[in-house]
Amino acid sequence: DAGVIQSPRHEVTEMGQEVTLRCKPISGHNSLFWYRQTMMRGLELLIYFNNNVPIDDSGMPEDRFSAKMPNASFSTLKIQPSEPRDSAVYFCASSSQGGNEQFFGPGTRLTVL
Amino acid sequence: GQQVMQIPQYQHVQEGEDFTTYCNSSTTLSNIQWYKQRPGGHPVFLIQLVKSGEVKKQKRLTFQFGEAKKNSSLHITATQTTDVGTYFCAGPRYNFNKFYFGSGTKLNVKP
């Protein structure tokens, strides 16, 4: 298995632009997580899905952030409009069932100018 | 709400010295996981502890879960330069699916 796949690996955009991050979880995993990592705030859970259904999005910073999981093999995290304070590394992770180890993707390093 | 605190924030050791990082929760944890993140990399799962007082070893790494299931520790014996990275503990909140990560301990090993 290729592991969790994220794209793009790096994204540089200007303030106000829409940003879409993509994730393909490990096949067969039914839980998917989006995290944001910054020096100041560490690793923060933004949202997680179970069987493609968003279970808890309390970590999503504000309405500018949205996430979808249209099927078991694909999820997106969208920021619209983006702001410089959104600059961070965004990780996607998946697990086979609740409480099991999470497999992280390589992350997307987002820079908003 | 439940918080998972981790200390120290940074640790610099000479190669061959031991290293310990501590994880403390304000509430009882059903289980705890440990991850390692190399510089520029992504978190990688190391281990999960479930039972009160549980101790697990992986070569030079020893993981412990407190009797009250509110704290945990990771001890590395005779550190090597390959141990460099940030070590995170993660504890579940409300249900198994949602883990909260500690702030991490960044380990630097001088050769």
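The values are calculated or read from the model by the stated rules, or taken from the named source; none is laboratory data. These numbers come from a predicted model, not from an experiment. A quick note on method: Cβ atoms are made from the backbone with ideal geometry, for glycine too, and the neighbour counts reach across all protein chains shown.
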Members of the range A:22-54 that are part of a strand (DSSP E or B), more than 14 Å from the chain's Cα centre (by Cα) and within 20 Å of B:Lys36 (Cα to Cα)
A:Gly42
Can you go through B:Thr82, B:Thr77, B:Thr21 and tell me which one is of a type in the set (Val, Ile, Thr), within 25 Å of A:Phe91 (Cα to Cα), surrounded by fewer than 18 Cβ atoms within 10 Å (Cβ to Cβ) and at pLDDT 95 or above?
B:Thr82
Starting from residues that are basic (Lys, Arg) and out of contact with any Lys or Arg (no Cβ under 8 Å at 6 or more places or on another chain), keep the ones in the range A:1-47 and report whichever is nearest to A:Arg109 (Cα to Cα).
A:Arg36
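If you take the residues in the range B:51-74 that are surrounded by 13 or more Cβ atoms within 10 Å (Cβ to Cβ) and more than 11 Å from the chain's Cα centre (by Cα), which one is farthest from the other protein chains (Cβ to nearest Cβ)?
In the first step, residues of the range B:51-74 are kept if they are surrounded by 13 or more Cβ atoms within 10 Å (Cβ to Cβ); the result is B:54, B:56, B:60-66, B:69-74.
Right, trim to more than 11 Å from the chain's Cα centre (by Cα) and you get B:54, B:56, B:60, B:66, B:69-70.
Numbers: B:Glu54: 15, B:Lys56: 14, B:Arg60: 20, B:Gly66: 19, B:Lys69: 14, B:Lys70: 18 Å.
So the residue we want is B:Arg60.
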Looking at A:Val12, is it surrounded by 17 or more Cβ atoms within 10 Å (Cβ to Cβ) and away from chain B (no Cβ under 13 Å)?
no
Which one of these does A:Val19 not meet: (1) of a type outside the set (Phe, Trp, Tyr); (2) under 27 Å from B:Lys36 (Cα atoms); (3) crowded, with 19+ Cβ neighbours inside 10 Å?
(2)
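Go through B:Gly53, B:Gly91, B:Gly16, B:Gly40 for me and flag whichever is assigned to a loop (DSSP other than H, G, I, E, B) and either in contact with a Cys (Cβ under 7 Å, 6 or more places away or on another chain) or touching a residue at least 24 places away in the same chain (Cβ under 8 Å) (or both). Write out each step before concluding.
Details: B:Gly53 fails: either in contact with a Cys (Cβ under 7 Å, 6 or more places away or on another chain) or touching a residue at least 24 places away in the same chain (Cβ under 8 Å) (or both); B:Gly91 fails: assigned to a loop (DSSP other than H, G, I, E, B); B:Gly40 fails: either in contact with a Cys (Cβ under 7 Å, 6 or more places away or on another chain) or touching a residue at least 24 places away in the same chain (Cβ under 8 Å) (or both).
It is B:Gly16.
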Identify, please: which residue in the range A:94-113 is out of contact with any Asp or Glu (no Cβ under 9 Å at 6 or more places or on another chain) and within 16 Å of A:Arg9 (Cβ to Cβ) and is, among those, surrounded by the fewest Cβ atoms within 10 Å (Cβ to Cβ)?
A:Pro106
The range A:56-113, residues that are without any contact (Cβ under 8 Å) to a residue 40 or more places away in the chain, part of a strand (DSSP E or B) and more than 13 Å from every other protein chain (Cβ to nearest Cβ):
A:Phe65, A:Ser66, A:Ala67, A:Lys68, A:Met69, A:Pro70, A:Asn71
Looking only at the range A:35-52, which residues are away from chain B (no Cβ under 11 Å) and either among the aliphatic types (A, V, I, L, M) or in contact with a Gly (Cβ under 6 Å, 6 or more places away or on another chain) (or both)?
A:Leu46
